[in-house]
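The values are calculated or read from the model by the stated rules, or taken from the named source; none is laboratory data. Please read all numbers here as calculations on a predicted model, not as lab measurements. Note that each Cβ is placed from the backbone with ideal geometry, even for glycine, and that neighbours are counted across all protein chains shown. What goes into the accessible areas is simple: the full protein's heavy atoms, side chains included, and nothing from ligands, DNA or RNA. Shrake-Rupley method; radii C 1.70, N 1.55, O 1.52, S 1.80 Å.
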Amino acid sequence: MFFEEIQNEIYDSTFDAVYYALLEEYKEGRLTIEALTTNIEEQQQILLNGLFEGETKFAYANATVDAHQYAFAMIKKELV
């Protein structure tokens, strides 16, 4: 149970930090849809590699991928 809590904390803090940073970069014109798409692809590869490197890194990589994809969806729907 203790490790699950740590994983959840890592995921939540990573997701929030990455998601809000991505939105801010987009609003400031420093992030394009094309760059975000490339980032998603790169982070998904890291996520796959993370499966072989341990659960903590997996939680971090998973949060990063999810944050990118969520930011992408919100930007595409023009909710930002």
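Miscellaneous remarks
- Take the conditions (1) open to solvent by less than 60 Å² (accessible area, probe 1.4 Å); (2) closer than 12 Å to Asp66 by Cα; Glu41 misses just one of them, which is (1).
- Of residues in the range 50-80 being more than 19 Å from Tyr20 (Cβ to Cβ) and open to solvent by less than 70 Å² (accessible area, probe 1.4 Å), the one nearest to the chain's Cα centre (by Cα): Phe58
- Looking across the range 15-36 at every residue that is in contact with a helix residue (DSSP H, G or I) (Cβ under 8 Å, 6 or more places away or on another chain) and of a type in the set (Phe, Trp, Tyr), the one that is least open to solvent (accessible area, probe 1.4 Å) is identified as Tyr19.
- The number of residues in the range 17-67 that are closer than 23 Å to Glu78 by Cα, at pLDDT below 95 and charged (D, E, K, R) comes to 2.
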